[in-house]
Amino acid sequence: MGGKNKQRTKGNVRPSSSGRAAELLARENGVVPGFVGFGTTATPEPGYVPAVHGAEDIDSLVDADFRLVLRKLSKRDAFTRLKAVQEFGSMCQEREAEVVKGVLPYWPRIYCKISVDHDRRVREATQQAFEQLVLKVRRSLAPFLKSLMGHWMLAQCDTYTPAASAACQVFHAAFPPSKQPEALSFCREEILNVLQDTLLKETADTLSDPQSVPEEEREAKFLRMVTSSLLGVKRLLSLLPSSDRTALEERLAHLIAAGKFWKYGKHKTPQIRGAFFEVLSALCEYTPSLVQNEAARACPAVLLSIDDTDPVVLPPLWEAVLHIVSTIPDFWTHINSRKGFLPKLWGLLKEGGKGMATVLHPNLMPLISKLPQEITDPALDFYTNFFTSLIQGLSSERAVTSPSESAAIVTAAVECLRYSILHNTAEGEDQRQIRIMLISQQLLPLLDRALGNPSLQNGPFFLLVTEMLISWENRAGLHGWSGSNGSEDVFQKLLEDFWEGLNLLFVRYTDNEEADPKALEGVATLLQVSVSTGNLRKKSVKICFSKLEDKEESGVEGGGGEKPDLSVPALEPEKAIGSLKTEHLEDVVCQQAQLCLVYVNEKNSEKHLLFLSLLLRSFHTHRVFAVSHADHYRSKEEMDTLKNPAMRFLLERVVVWLAEKGRTDTDHLVEMVFSSLHCCSQQETIRILNHIATVLFDVDMDLQWGIILQIIQRASADPETLKSCGDWLKGSVLGEQLLGLADELCNLRGSYSTSTSPKSTHSWTLISLVLSQRHNNEPLIGEVYMEKILEKLHATLCETKGLSDAGNIEPLVSFICNVASTFFSSVQDCLLLTSAEELLLTVFQLTAQDQTHTHLSDSLLDKLRKVCVAGVRSLVQHPECEVREGGFMHSTALWIKNQLLTSSLDIKSQSDSLDVFLLADQCSSLDEFIMDVLIQHMTRYASNTHTHTHTHTLAVGLSRAHIHFGLCVPDVCDCLAVLLCCLKANTAVQEEVLQAILATMMEWRNSKEDWFLFSSNLSKVSAAQLMLTVEMMRFLSWLVTNSPTVLSSGQWDFLLCSMLAWLETASENVSNLWNPWVQLFVCENTALIVKLNQFFTSPSSAVLEKLPPELSGEWTDFFIEGIYSLLLPLPIKITDDPLFPLAVLQSVGVALTYVPVQQLSQNSLPARFIADQKTNLPEPLQTLLNTLCPLLLFKARPLQITAYHLLDKVMPQLPECDGEGDNSKSDDDAEEPCLSPPAPLMSILSACEELCESILAGVQVGEFAVVQPLSVEYSCILGYLLAWKLLLTFFKSSPSHLRVQYSLYLKRSRSLHNLLLHLFKMMPENPVYPGQGGETKETRTLFTESLSLALLHLACSVYYSAVQDLPAMVRLWWNSQEKRVCTTVEKFTTKYVSPVLSAQEISSVHSSTQTFDSMTVKARSVAREVIATYSVDDIFIELVIQLPQNYPLGSITVESGRRVGVSVQQWRNWMLQLSTYLTHQNGSIMEGLALWKNNVDKRFEGVEDCMICFSVIHGSNYSLPKKACRTCKKKFHSACLYKWFTSSNKSTCPLCRETFF
C-alpha cells in the first residue's frame, strides 16, 4: 500500500483518488462536502475544513495567510481562536474581493462551529468578522446560504446580547429589509432542521466532545443553544411571510407534538422557560390552529405556571397567558381552575407579584376580561377574593419599599375595579351587591389607607380615582353625555354612595382635636387632585375603556385568534380630561371647612388652620367662603344680597389671625389671603392689602415687615397675581411704609439698624427685594419711592466716611452692601438713575480710601469692592455708556487723579481703586489725562528703593490700562520695563494681572503685528522697536520661570510660536549682528529658549497637572525640531564674519547645550564628507562630526565649549555603529584587530598633538607650564584636552570587545603615551580647588570637584578619566617610563588621584545594581578590598581583591579566601585568570569580575580551556576558543595561536605537534 515516508514519483502532482472525488463533488454541488465533520451542523471536530485536502484547484483559491488563520480557528485555546477570528475579519476587510471569495467554500463549516463557541468573545468577534466577509463578497455568498442560515439564525438569538446584535447587523448588511423574508423563505427548511435537531435530538454530550470539553462548559453550551433555538423558532415565525408559515405547519406540528418540547416549560433554567413561553406566544399569534390542536398540553403548561415569578420568565409567561386565553375558546376545560389556577393567582396577588408587580399587574385587567362565567361564578366571591388579594399585595415588603411596585398595584386595582363596575351595571340584586362591595369594602378602605400613607398619596392613586369618578359622571349624564344602555341611575347612585362614604371618612379624620397632620394633608391632596384633574397630564395604561362607553356590553368576547390590544390610551381625550361637575365635592369641602373653623375658633388648632389653608388653595368659591360667617347654608338669593363673602372672610377671620401676637409661622395665612383674593375685584384687593399693612403696622413692626415680605413675594410669584396686585405695589401706602422702613434701618444712632436678628434681616431682605425685583423691566414699587430709598442709602454711606469709629456701623454698612450688590447685579440700566450713580461713587470712595480713616474691617472692604465691581460692570455694559461731566466716570477719574498726585491713598487702596476703575476701560472716551497721571506716578516711584510696594500698584494699573490709551512704542516699552522690574522684585502679583498683560500682548499680535518684528529686516528697525520686542521676550521668560501654570493652551501657543518666529528672524539677520540692539535681540531670544528647555526638561508633578495636556507633546514633536533646525547652523553662520560678537556666540552656545540627542543624530546640516575617510557612521552623524570637530580648534572659547557639549551628547552612540560594522569581521584573523576611534576626532588629536609638542617642548615632566588665556596656545591646548575628553567618553561607552580594539589602536599610535606626558606638564603641582577656606576638614582638589572647563581643571579631569577608563594602558605607560618620571607620576597619583579613584571603585561596588547568578560581591571601603564569593552546586570559592596604594599604577592583588570542592591547580588557574583580567582589562573592578565569572561559567558548561593561555575567555579580546586542531580536536584562541606560531616559528599544534590546518 505504500509507507508513510515512501518516495513520491517524480512529476506526480495529481492528488489522490479520494481528493479527486471530493473535488468533483465540490464542483457539482457548489459547496465543499462535509467529509471531515460528518455534516454541516456544529461539531467539535475538525476545525480547518479542506475536506478536499488534495484538490489543488480549490485549495489554490485560498490565500496562504487565510489558510494559516483558518487553521488557528480550530485551536483549543479560546484566546488563540479570538485572535484568529479578529485577524480573519481584518484580512477580509483589507484583501481583494477575489482573494476573500476563495475562502467561501470553507467558511460555512467553520462558522457553524465558532458561532456557537463557549467563549462569548469569540462568538461576538465571529459575527464581526462575518460582517466584513459579507461586505466584501456580497452576492457571492448566495450559494452557501443554506449551509449558513441555520446557525446564523441561532446567532441572532444568542443569549449574549452583543453577539446577537452583531449577528443581526450582519443579516441587515447582507439583505435589505425587503429581501429578508425572501432569504428566510429560501432557507426555511434548513433553518428549521437546525433548530429542531437542537431542540429534539441534541444533548450536552452530542454538542460537545466529552473527552476534551469540561462538563460545565458542555452543559452551559447546551442550555445556551436550546434557548437560542427556541428564540430562533419565534424569530423565524415573526419574519416569514404568512404563506411560508402555512407551508411549515406540518414541520411545526411535529415539533410541538414532541414531549421533549413541552418539558422545556418546566426546565430548571429560567432562560429556557422564558424562551419556551415566547415560542408559545408566537405560535398562538401566527399559527393558532396548531396550538388549539395541542390545547390539552398548552393550557396546563401556561396557566398552571403563573406562580413562576422569575424575572426572566414572568414577562413572556404572562404574554403567553393572555395569548392562551384569547386563542383557545374553551381553555378552562383543560385545567382545574378551582384547585390549580385561582389559588395560585390569589397567592401571587397577595404577595404583590413577588417584586414583579410592574410587569405582572398590567396584565390583570386583560386577564379578568377574558375569564368566562364558568371560572368567575359566584361573581361576588370571585371579585371579593380578587380585590382583597390584590389590595393585600400593597402590604408586601417590596411594595412598601418601592414606589413603582406600589403604583403598579394601585393602578391595576383601580383599573380592574373600574372594569368590574362597568361590567356589573345591571339592575339585578347580584350585580348591585357586587357594586356595593366594590365601593364600601374595596375602594373606600383603600382610600382610607392612602390618606395615612404618603407613598400612596404621591403615586397615581388619587388621579386614577378622580378619572374614574369623571367617567361615572359622564355615564350619569352630568357632562351632557349619556350612555346608550340607560344606566344613568346606576351611576348616580354609585356617585352618591361614594361621596357619602368619602364624606364620613373625611369627617372621621377632621373632627378630631388630635387629628393626624399627614392624614389631613392627604385629604387636602385628594380634594386638590379631584378639582384640578384637567390640568394634570394623563398617562397611558393598558386597556381602552372608550369602547365600553359606546356599547351596552363590555365587549370582552373577542375572536379566538386575535392578539390582545396592550398599548391603547386609557380614555378618549375629550371625555377623559375635565373636572368633577357634581356638587358632592363642594359639599364635602364646605363641611371640611366648617369643621376646621370650629376647631380653630374653639380649640385654636393650628393643624386645622393649616388644613383650611390647603383647602382654600384649590377651592376658593363664594360658597366655601360663606361658611366663615354662617352656621347654615343660605340660598343663592340670600348669598347674592350679601357683600363679597371672601372679603368678609379676610376682614373677619384672616386679618385677625395675622395680627395675633406670638405667631411665627404665617406662610399658610398669607397663602389664605391670596386664595381669598381670587374672589375679589382689583379695588377690593387694594383695600384688603392696605388694610392688612395698616393693621399689622399698628400691632407689631417686626411682625409687619416679615408678613409684608411674604405678601410681596407671593404677589410677584406669577404674572396673574402680580397684575391684580400691581396697583397696590406701586401705591403710596406701601411706598411710604417702605420709605419709613429705610429711614429706620439707616438710623446710625438707633439700635434697630445694627441688629442682626432674623426680623432685622427680613427688613433688609424686603428693601433688597423691592429695589431689585422687576417685572417687564419695570420696578416692583413706584419709581419715586425707589429713588428715595437709594438716596437714603447713599446719604447713610456718606455719613460713615466722616465717622471716627466704624465698629458699631459695620452691620449697617454690610446690609447696605448686600442691598446694593443685588440691585446692581439684577436691575438692568439701574445706573441711569442719578441716585444709583451717586451711591456707586460713594461705595467706590469707601473702597479706595485709607483704611486708617474709615476703620472698616478687611472683610467689609472686600464686600464693598465686590459691590463696586458689580456696579461698574453694569455701567459699562449699557450701550449708551459714555463719559459725561458729573457722571460716575468723570467724577471717579477726577477723584483718582487727585488721590494719586497727593499720594493720600495707601498701597492697597491704590491697587484696589485702579483695579475697580480700570474695569471701565471698555469705554473708549476716557480722558487721557488719567494715563498721564499714571506715567507720572510711575516715574515718581520707579527709582525709589524704599517704596517697593508702589510697583505693585503700577503693575496692576499698567497691565490693564496701557493697551486702551493708544500708547506709542517708547511708552509701551517703558511700561513693560518698569513692569518687569516690579515682577523681578518678587512682588506678589495676582494671576489675573498676568493674564491681563498676556492678553494685551496677544491683542498686539493681532492689531500691532509690526511690533513683534516677525520676518523683519532688523537693520531697518529702530532701537525702540527692538527694545520693545526684547522686553516682551524678557517678560515671557519671567512667565515661564515663575508662573507657567497661569498660561492657558492658547497663550502657550502664542508664546511658543512667537519664540520660533523670533528665532527665524534672528537666523535671517546674522549679517546685522554689528548692531548691538540686534545682538541683544538674539541673546534674549536664546535666553527664552533656555528657559523653555529648563522648564520642559524637569517640570514638577504639581505644575505638570495644571498644564494643558497636549503641551508637552507639541513641544517635543514640533517646537524642538523647529528650534534646533534653525539654531544648529547658527554658530557657523555667525563665525563667517571675522568680527563676530562673542556674547551672541556664547548665548547661542548655551541654548545649544539643551539639544536632544535625537535632533543631533537626525540633523539637517549641509552634508560634509572627506575623501578616503573610513567610517561606519550614518551620514547625518558623520556630517555632524566633520562639521563640529574642527570647531574644537576655533580661536573662540565659547565656540569650542559649544562644539564639545554637542559632540559629548553623541559620543555614546558612535560605538554602536562600529559594533554593527565589526560583526562582519572574523575573529580568526591572524593578527589581533585594532579599530580606530572616529576619524574626524583622531585627525584633530593628531594636529593638536604636534602643536602641543612644540608648545610644551621646553617643559619637563612635573613642571607646570603657564599658558596665557585668550592666546593661540590656550585655544590649541583647550581643543586638545576637549578632544581627549570626548575620546575618553567614547571609549567608556564602548563594549568590552571594541574597547580592546580601540585601546590597541591608541597603543600603536602612541597617542595616550603623548597625552600623559603633556598632562604632567599642564597639571599644577598642588591641584587644590581655588576659593576654599582654611577651616574645611577635607581638602577639595580639582579631582574631587565637578568639571568647570577651565584649562587646569580640564587637564586634571582628562587625567582622572584616563586612569579610570584606561587603567591597563596607563599602567603599561607608567612601567615603561624612566625612574624620574615614574617617581613623579606615582607621587602625584598616589597623593591626589588614587584615594579618589579607589573610593569611587569601592563605592561603585556598593551601589552597583548589577547582579550575578551564583556570585555575590561585597566591598570594604576602609581596607580597599572587594570580596567575591562564587558558589555553584558543591563548589564554593571566595576571592579577595586588594587595591594598591597607588591604584591604578600598581597591580591589583588577588588573594585566596575559602574554597570548597576545587582542586589546588584549578584554584590557582582561576586566581591567575582573575589577576590577569583585572591587570590587563581597561575597565572597572565589576567589569573584571563579570569577565572572570563568565569564564568560570563557561568552564562549568563544558567549554574547554585554551591549552595555550589555560583560559576559556581570552584575556584581551574576550573571545572563546574556536580554532580546532583536526588531529587532537583541541580548540585555541586565534590570538593565542598567532603568538604561538610567531614565537615558535612553527605551524604545528601546541599539543599533538601535528601540522595545524
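The values are calculated or read from the model by the stated rules, or taken from the named source; none is laboratory data. Please read these numbers as outputs of a predicted model, since none were measured by experiment. Methodologically, a virtual Cβ is constructed for each residue, glycine included, from the backbone with ideal geometry; neighbour enumeration extends over all protein chains shown. To get the accessible areas, we keep the full protein, side chains included, count just its heavy atoms, and leave off ligands, DNA and RNA. Shrake-Rupley method; radii C 1.70, N 1.55, O 1.52, S 1.80 Å.
Details
- Pair list, Cβ < 6 Å and 6+ apart or interchain, from the range 1245-1269 residues that are at pLDDT below 75 and open to solvent by 80 Å² or more (accessible area, probe 1.4 Å) to residues that are among the basic types (Lys, Arg) and not in a loop (DSSP other than H, G, I, E, B): none
- Selection from the range 125-141 of residues that are touching a helix residue (DSSP H, G or I) at 6+ places or on another chain (Cβ under 9 Å) and open to solvent by 20 Å² or more (accessible area, probe 1.4 Å): Gln128, Glu131, Gln132, Leu135, Lys136, Arg138, Ser140
- From the options Arg273, Arg235, residue that is out of contact with any strand residue (DSSP E or B) (no Cβ under 7 Å at 6 or more places or on another chain), in contact (Cβ under 8 Å) with a residue 40 or more places away in the chain, open to solvent by 40 Å² or more (accessible area, probe 1.4 Å) and among the basic types (Lys, Arg): Arg235
- Any pair with Cβ under 8 angstrom, 6 or more apart, that starts in the range 1133-1161 at a residue that is at negative phi and ends at one that is of a type in the set (Lys, Arg) and open to solvent by 50 Å² or more (accessible area, probe 1.4 Å): Val1155/Lys1209; Val1157/Lys1209; Leu1160/Lys1209
- Number of the exception - Glu1105 against (1) in a helix (DSSP H, G or I); (2) of a type in the set (D, E, K, R); (3) more than 23 Å from Leu1039 (Cα to Cα): (3)
- If you filter the range 258-268 down to residues that are over 47 Å from the mean Cα position of the chain (by Cα) and open to solvent by 50 Å² or more (accessible area, probe 1.4 Å), you find that the one that is nearest to Leu184 (Cα to Cα) is Lys260.
- Within the range 239-267, residues that are touching a residue at least 24 places away in the same chain (Cβ under 8 Å) and farther than 15 Å from Thr227 by Cα have Cβ atoms under 8 Å from residues that are open to solvent by 50 Å² or more (accessible area, probe 1.4 Å) and not in a helix (DSSP H, G or I) in no pair, counting only partners at least 6 apart in sequence or on another chain.
- Verdict on Ser1296 being under 59 Å from the mean Cα position of the chain (by Cα), closer than 30 Å to Ala1419 by Cβ and either at pLDDT below 75 or loosely packed, with under 15 Cβ neighbours inside 10 Å (or both): yes
- Of all residues in the range 171-188 being more than 17 Å from Pro143 (Cα to Cα) and of a type outside the set (Gly, Ala, Ser), the one that is surrounded by the fewest Cβ atoms within 10 Å (Cβ to Cβ): Pro177
- Contacts under 7 angstrom Cβ, first residue in the range 649-678 being without any contact (Cβ under 8 Å) to a residue 24 or more places away in the chain, partner open to solvent by less than 10 Å² (accessible area, probe 1.4 Å), 6 or more apart: Val654/Leu669; Val654/Met672; Val654/Val673; Val654/Ser676
- Residue in the range 387-414 that is least open to solvent (accessible area, probe 1.4 Å), counting only those that are out of contact with any helix residue (DSSP H, G or I) (no Cβ under 7 Å at 6 or more places or on another chain) and among the hydrophobic types (A, V, I, L, M, F, W, C): Ala407
- Test: residue in the range 1117-1126 that is more than 30 Å from Leu1073 (Cβ to Cβ) and either open to solvent by 20 Å² or more (accessible area, probe 1.4 Å) or modelled with pLDDT under 85 (or both): yes
- Within the range 1054-1087, the set of residues being closer than 19 Å to Leu1142 by Cα, of a type in the set (Val, Ile, Thr) and either without any contact (Cβ under 8 Å) to a residue 60 or more places away in the chain or surrounded by fewer than 21 Cβ atoms within 10 Å (Cβ to Cβ) (or both) comprises just one member, Val1070.
- Single condition Ser212 does not satisfy, out of (1) farther than 19 Å from Arg120 by Cβ; (2) assigned to a helix (DSSP H, G or I): (2)
- Yes/no for Leu1047 being open to solvent by less than 10 Å² (accessible area, probe 1.4 Å), at pLDDT below 85 and over 26 Å from Pro1129 (Cβ atoms): yes
- Of the residues making up the range 1127-1146, one or more are among the β-branched types (Val, Ile, Thr) and outside any helix (DSSP H, G or I).
- Scanning the range 1154-1185 for residues that are under 19 Å from Tyr1204 (Cα atoms), open to solvent by 80 Å² or more (accessible area, probe 1.4 Å) and among the aliphatic types (A, V, I, L, M) returns no hits.
- Among (1) of a type in the set (Asp, Glu); (2) closer than 18 Å to Val62 by Cβ; (3) at pLDDT 90 or above - the single one Glu98 does not satisfy: (3)
- Only one entry of Leu230, Leu252 meets the criterion of being open to solvent by less than 40 Å² (accessible area, probe 1.4 Å) and closer than 30 Å to Arg76 by Cα, and that entry is Leu230.
- Unmet criterion (only one of (1) of a type in the set (Lys, Arg); (2) at pLDDT below 70; (3) farther than 17 Å from Ile712 by Cα; (4) part of a helix (DSSP H, G or I)) for Lys788: (2)
- Here Asn424 qualifies as of a type outside the set (D, E, K, R) and open to solvent by less than 20 Å² (accessible area, probe 1.4 Å).
- Selection from the range 995-1024 of residues that are closer than 16 Å to Ala1061 by Cα and not hydrophobic (A, V, I, L, M, F, W, C): Arg1005, Asn1006, Lys1008, Glu1009, Asp1010, Ser1015, Ser1016, Asn1017
- The lone exception for Ile306 - which of (1) among the β-branched types (Val, Ile, Thr); (2) open to solvent by 10 Å² or more (accessible area, probe 1.4 Å); (3) not in a helix (DSSP H, G or I) it fails: (2)
- Members of the range 506-522 found to be open to solvent by 10 Å² or more (accessible area, probe 1.4 Å), of a type outside the set (Phe, Trp, Tyr) and in a helix (DSSP H, G or I), listed by number: Val507, Arg508, Pro517, Lys518, Glu521
- Residue within the range 344-352 that is assigned to a helix (DSSP H, G or I) and on the phi > 0 side of the Ramachandran plot present: yes
Per-residue answers, yes or no, for (1) part of a helix (DSSP H, G or I); (2) out of contact with any strand residue (DSSP E or B) (no Cβ under 6 Å at 6 or more places or on another chain); (3) crowded, with 17+ Cβ neighbours inside 10 Å; (4) modelled with pLDDT of 80 or more:
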position	(1), (2), (3), (4)
Lys1195	no, yes, no, yes
Leu1199	yes, yes, yes, yes
Leu1207	yes, yes, yes, yes
Pro1212	yes, yes, no, yes
Asp1218	yes, yes, yes, no
Gly1221	yes, yes, no, no
